[in-house]
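Shown next, in structure tokens, is the structure this report addresses.
The values are calculated or read from the model by the stated rules, or taken from the named source; none is laboratory data. Every value quoted in this text rests on a predicted model; they were computed, and no experiment measured them. Heads up, the Cβs are rebuilt from the backbone with ideal geometry, glycines too, and the neighbour counts pull from every protein chain shown.
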Amino acid sequence: MAVAQKTDQDTLVEALINIAGEQDVVTGRVAMYAYGYDATLLFGVPRAVVFPESTQEVVDIVNYCRATGVNIVPRGAGTNESGGTIPVDNCIIMNCCRMKKVLEVDLDNYVAIIEPGVVNYDIQEMLAKYGYYYPPDPASYKASTMGGNVGECSGGPKCFKYGVTRDYIYGMEFVTSDGKVRWVGGRDFCSEPFYDLTRIMCGSEGTLGYMTKFAIRIEPIPAAKRTMLAFYNEPVDAAQSVADIVAAGIVPTTLEMMDNLIINTAEDATGAGLPRDAGAMLIIEVDGPAYGDLDDQVKTITEVVKKAKPKQFKIATTAAEVDACWLARRVAIGSVAHRAPSYSMQDITVPRSKFPQAVAGIVQTSKDYDLDIGILAHAGDGNFHPLVLFDQRNKEQSERVHKAEAALVKMALDLGGTMSGEHGVGLLKKPLLPNEYEPVTMGAFRNIKRAFDPINRMNPTKIFDL
Amino acid sequence: MGDILAEIYEKLNTCGRCGFCHGACKTYKKDGAEFFVARGRVQLIKALADGKIEDDHDYENVINSCLLCGECAIACPSGVKTHELVLAARRDYKLKKGIRPFLKSLILSSMTKPGRLKFVFNFFDGFGKNAMRRLDGMQFFRGIDMYTMPSSNNPFVAQVPEVVSVSAPKKRVAFFVGCFMNYAFVSSAHSVVKVLTKAGCEVTVPRDQPCCGLPQYVYGDFEAARAQAKKVIATFGKYDTVVTACGSCASMLKKEMVELFHDDPSYLPTVKAFAAKVFEFSELVSTLGIEDKLHSDSPQIVTYHDPCHLVRYLKVTDEPRKLLKSVPRLQYNEMFEANRCCGAAGLVMAFYQELSTKITADKAANIIGSGAETVATSCPACMLKINSGLKLKGSKVPVKHVADVLAEALRD
């Protein structure tokens, strides 16, 4: 009787099952295909997916992978826009979804201790009961895990006023490729003495270590909020309002801009009654401790917006009206699917004062490459998400899309901006990174990577090659 | 590429993989498996269409574990209706491989044969329940509470006259009982008749009560579902108004049945005409003005669970709530996430019981959290599953049909 030879794959799966348990290891062609993609158009196939449920399991898995030369790609919900979780050669996916305990909520110190698999929305829901919240709110917040949010240093509509993920992580526990568990940063304080390793870990896209625990800063929900909606004839008018609102000394929670194309796709998706002929729309939201303070701000914003001669200006008075204001924004990205089967989303950011030039630059790029490009922007911090629409199956068009992407990045860099405001680099923007940084800076990045992960086991080939 | 997958290919291609469905998909929420979320299902159906994966057992689990609850479609900014794409994939799978496993195909075909169905329920009520009671640890079989699962050795239709008449009827209606009510939730069926007659309706309960065809339809056996539809229309087509108190049957008779015959122009008008006269119980009763006939001396707190087929397929949500609130001394407490699936989802509760039971646990927690003393709903499958979920948590909150709550408030 022939004895079946045990393959490398069998040995790997057996080892993972021994560590994490049968329920927490997934293999098979169908399942591996499902872990091959994220929100980009990239694709790869892992050897197995493992769901560790404790820091110790993470350590054991990392030790095994180090000994056998298997790469580790961390993954949360896989909603990233940079290819950060796309499987690489000879890798397992380490998924944080099943480490989702909230370990502590300490209202006295505005801190919560959580595991990486907790979904952003679930934190909000849990904290709302106490009248607290966690400010960063990426568009994917109903799906994305905190592990993913920290890995990518996610922003969101509120980040103009409240900052990004990095500003809300006091400290964290992570496992490096040598199998050691490390804690960096503090638990109750924004800063600890000496090198701020917490801030290096935030946005490291899993290249430095696998994060297993976070101390996050939480805050009381602002008592009052006012939401306004303005429609303009031209995007440049909206850009003018953005500049004027900030110049008037107001820091809105949110300043979201959508152009004509996105207004129309959002209307296709929702039928909410948006004016299809508007050139741009702006969602303006201010919040604060009491309504009285906000009334003055609303008055100033109203005057400023009127100066730009909007087609329509509305101040929401009920919760339902506030919700209606946000509806279009929430569906914006996905709604472009009503126009074209594929989209490429950029994340360029320019100084706010260059906002109108960037709008003009995107419009020009659209003409130059004969592509539909919708503009969606966190206007307050100059962060644009131009959505280039195309059909992936059309090779010639896809080539043009790649050229347009490069042109958009160049435009942003020429205006003194950056290629990525909040989505990270991953694989998608890896080729473009050297355009932004001097070789000496890229060298410094590589040295940091080598200091944490000298054997290049954690999410290798992402961001840069060693 | 199969023809069916080719037909839906552009719809599959509309998914932009943004992952916004993760928050909506109950089967994903349980253990975070990407192949059990709407995005994963769509991408895998597309991968099959592209010839990148095989339709093996893993693939079958991907498409058959879907609750078809439709929640993902509401969350999807790209307008992808995954539940419809999964249905098409099940149809494709059925045509290529038949319905598997054998047990599932046996159940589905049994539902089309009243004699066999009656035998099964008789056997369970007599021998089965008794045997299970004698065995330790058998109270919860596949997440279903066997001790309190209702079953009747005498179907509802055998307990009532064919025509339950009233003096000077305002309306004449035919009652489509549905298998679950006819064989298991018999007392709720009695409540339906009581409410309708008290509201001045003459109720006809045809002796022949075919399965509505939904169970066969959702597993892609369109041939069997069409045959059932024709049987239903042969029996019920002659009445002016047809009422059913099962959310799933209501959806089949009003909506899916029309879709089932969309490519049959000769029969489609008949189906459309029939569908137009079918009403879900609360839809019909809320037009009959029974509010001033309701009496209740004791206060009670009630909450309502929306069956998927009513809230997302037929969009009936206000009527049952309004009826409940019209009962005197009844305090209505809305539960958290009332419109989310309870995990029953037809045969999903039987074949993916672990997944299904975890989903029901969330629903049970929400019911308990609402502070309600009774949970009302409009679908026997939800009633069975929710009752079991509550019992597993040690709760004594009873599950009732909306008709039961109303019937209790109507004096004999």
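Only one of (1) modelled with pLDDT of 95 or more; (2) part of a helix (DSSP H, G or I); (3) surrounded by fewer than 17 Cβ atoms within 10 Å (Cβ to Cβ) fails for A:ASP60. Which number is that?
All conditions are met except number (3).
Residues checked against (1) surrounded by fewer than 20 Cβ atoms within 10 Å (Cβ to Cβ); (2) touching a strand residue (DSSP E or B) at 6+ places or on another chain (Cβ under 7 Å); (3) aliphatic (A, V, I, L, M):
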| residue | (1), (2), (3) |
| --- | --- |
| B:PRO269 | yes, no, no |
| B:ALA276 | yes, no, yes |
| B:SER282 | no, no, no |
| B:THR287 | yes, no, no |
| B:ASP297 | yes, no, no |
| B:THR303 | no, yes, no |
| B:LEU355 | no, no, yes |
| B:ILE368 | yes, no, yes |
| B:GLU373 | yes, yes, no |
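Within the stretch B:372-385, is there a residue that is free of Cβ contacts under 8 Å to residues at least 60 places away in the same chain and among the hydroxyl-bearing types (Ser, Thr, Tyr)?
Just the residues of the stretch B:372-385 that are free of Cβ contacts under 8 Å to residues at least 60 places away in the same chain, to begin with: none.
No, the conditions are met nowhere in the stretch B:372-385.
If I ask for residues that are farther than 16 Å from B:GLN300 by Cα and among the basic types (Lys, Arg), which ones from the stretch B:312-344 would you list? It would help to see each step written out before you state the result.
Quick first cut of the stretch B:312-344, residues farther than 16 Å from B:GLN300 by Cα only: B:312-320, B:336-344.
Passing the criteria: B:ARG312, B:LYS315, B:ARG340.
List the pairs whose first member sits in the stretch A:85-104 and is away from every other protein chain (no Cβ under 14 Å) and touching a residue at least 40 places away in the same chain (Cβ under 8 Å), whose second member is loosely packed, with under 15 Cβ neighbours inside 10 Å and part of a loop (DSSP other than H, G, I, E, B), and whose Cβ atoms are under 8 Å apart, counting only residues at least 6 apart or on separate chains?
A:ASN90/A:GLY69
With respect to B:ALA89, determine if the residue is within 14 Å of chain A (Cβ to nearest Cβ), surrounded by 20 or more Cβ atoms within 10 Å (Cβ to Cβ) and in a helix (DSSP H, G or I).
Numbers: within 14 Å of chain A (Cβ to nearest Cβ): yes; surrounded by 20 or more Cβ atoms within 10 Å (Cβ to Cβ): yes; in a helix (DSSP H, G or I): yes.
It is true that B:ALA89 is within 14 Å of chain A (Cβ to nearest Cβ), surrounded by 20 or more Cβ atoms within 10 Å (Cβ to Cβ) and in a helix (DSSP H, G or I).
Of all residues in the stretch B:175-214 being in contact with a Gly (Cβ under 9 Å, 6 or more places away or on another chain) and part of a helix (DSSP H, G or I), which is farthest from B:LYS118 (Cα to Cα)?
The qualifying residue farthest from B:LYS118 (Cα to Cα) is B:LEU214.
Restricted to the stretch B:163-190, and to residues that are over 26 Å from B:SER251 (Cβ atoms) and of a type outside the set (S, T, N, Q), which residue is surrounded by the fewest Cβ atoms within 10 Å (Cβ to Cβ)? So that I can check it myself, show each step before the final result.
Taking the stretch B:163-190 first, the residues over 26 Å from B:SER251 (Cβ atoms) are B:163, B:165-170.
Right, trim to of a type outside the set (S, T, N, Q) and you get B:163, B:166, B:168-170.
Values: B:VAL163: 12, B:VAL166: 16, B:ALA168: 6, B:PRO169: 13, B:LYS170: 12.
Taking the candidates together, the pick is B:ALA168.
If I ask for residues that are on the phi > 0 side of the Ramachandran plot and either of a type in the set (A, V, I, L, M) or within 26 Å of the chain's Cα centre (by Cα) (or both), which ones from the stretch A:23-51 would you list?
Within the stretch A:23-51, none qualify.
Of the numbered conditions (1) part of a helix (DSSP H, G or I); (2) touching a residue at least 40 places away in the same chain (Cβ under 8 Å); (3) of a type in the set (Asp, Glu), A:ASP10 satisfies every one except a single condition; which is it?
(2)
Specify which of the listed residues (B:ASP58, B:ASP31) is surrounded by fewer than 24 Cβ atoms within 10 Å (Cβ to Cβ), facing chain A (nearest Cβ under 9 Å) and under 25 Å from the mean Cα position of the chain (by Cα).
Numbers: B:ASP58 fails: under 25 Å from the mean Cα position of the chain (by Cα).
Step by step, each of B:ASP58, B:ASP31 is checked, and only B:ASP31 is surrounded by fewer than 24 Cβ atoms within 10 Å (Cβ to Cβ), facing chain A (nearest Cβ under 9 Å) and under 25 Å from the mean Cα position of the chain (by Cα).
Looking only at the stretch A:28-52, which residues are surrounded by fewer than 21 Cβ atoms within 10 Å (Cβ to Cβ) and at the interface with chain B (Cβ under 7 Å from one of its Cβ atoms)?
Correct list: A:GLY28, A:ARG29.
Can you tell me which condition A:ASP293 does not meet? The list is (1) modelled with pLDDT of 90 or more; (2) over 28 Å from A:GLY426 (Cβ atoms), and all the others hold.
Looking at each condition in turn, A:ASP293 falls short on (1).
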